[in-house]
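Below: the structure, in structure tokens.
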Amino acid sequence: QVQLVESGGGLVQPGGSLRLSCAASGSIFSIAAMGWYRQAPGKQRELVAHITSDGSTNYVDSVKGRFTISRDNAKNTVYLQMNSLKPEDTAVYYCNGLIKASGYVSHAFYWGQGTQVTVSS
């Protein structure tokens with residue numbers, strides 16, 4: 001009933017910027033939190049940034065000061081502005097939402113399909 005679709009990934013030079021978008025759609029009753037995860041080759045998936053319904057944000061240390069997570073509640077969309085990108089940021093980025101679907105009692109995690117971010121010269 002709920003789908004998350006990411007967009008905005010691609011190839012960028014070191015020091016460049018990208019903005020990822022993730023739109024949630026379907027039978028959504030409420031969204032408690034949304035976030036971005038990433039998985040680099042040979043690495044475990046890690047939380048990059050997270051934003052709750054009250055606007056509280058958290059970031060993994062490696063992206064603090066460079067990445068900014070934001071949301072547009074009216075559009076059920078979360079964004080990740082990525083500046084000063086480094087090769088180490090290369091990964092598949094996944095959108096995640098803690099979402100209560102219509103007709104369900106509680107929230108559950110939903111995942112997007114992932115979008116590739118490659119930082120290379």
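The values are calculated or read from the model by the stated rules, or taken from the named source; none is laboratory data. As the structure is a computational prediction, the values presented were derived from the model and not from experiment. All Cβ positions, glycine included, derive from the backbone under ideal geometry; neighbour counts span all protein chains shown. Remember, those area values only see protein heavy atoms, side chains included, never the ligands or the DNA or RNA. Shrake-Rupley method; radii C 1.70, N 1.55, O 1.52, S 1.80 Å.
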Query raised in the report: If you go through segment 40-51 one residue at a time, do you hit one that is of a type in the set (D, E, K, R) and assigned to a loop (DSSP other than H, G, I, E, B)?
Result: yes
**Report entry** Qualifying residues in segment 1-14 (those that are open to solvent by less than 40 Å² (accessible area, probe 1.4 Å) and in a loop (DSSP other than H, G, I, E, B)) - the one nearest to GLU88 (Cα to Cα)
**Finding:** GLY9
Query raised in the report: Going through segment 56-100 one residue at a time, which ones are in a loop (DSSP other than H, G, I, E, B), small (Gly, Ala, Ser) and in contact with a Ser or Thr (Cβ under 9 Å, 6 or more places away or on another chain)?
Result: GLY65, SER84
Report summary line: Of (1) crowded, with 19+ Cβ neighbours inside 10 Å; (2) farther than 23 Å from VAL105 by Cα; (3) not aliphatic (A, V, I, L, M), GLY35 satisfies every one except (2)
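Matching residues to (1) open to solvent by less than 30 Å² (accessible area, probe 1.4 Å); (2) closer than 14 Å to GLY114 by Cα; (3) free of Cβ contacts under 8 Å to residues at least 24 places away in the same chain:
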{"residue": "GLY16", "(1), (2), (3)": "yes, no, no"}
{"residue": "LEU20", "(1), (2), (3)": "yes, yes, no"}
{"residue": "ILE28", "(1), (2), (3)": "no, no, no"}
{"residue": "ARG45", "(1), (2), (3)": "no, yes, no"}
{"residue": "ALA49", "(1), (2), (3)": "yes, no, no"}
Query raised in the report: Of all residues in segment 45-91, which are under 13 Å from the mean Cα position of the chain (by Cα), more than 21 Å from SER120 (Cα to Cα) and of a type in the set (Lys, Arg)?
Result: ARG71
Query raised in the report: Looking at SER53, is it open to solvent by 50 Å² or more (accessible area, probe 1.4 Å), modelled with pLDDT under 95 and in contact with a strand residue (DSSP E or B) (Cβ under 7 Å, 6 or more places away or on another chain)?
Result: yes
Report summary line: Scanning segment 73-113 for residues that are free of Cβ contacts under 8 Å to residues at least 24 places away in the same chain, open to solvent by 50 Å² or more (accessible area, probe 1.4 Å) and under 17 Å from ALA23 (Cα atoms) gives ALA74, PHE109
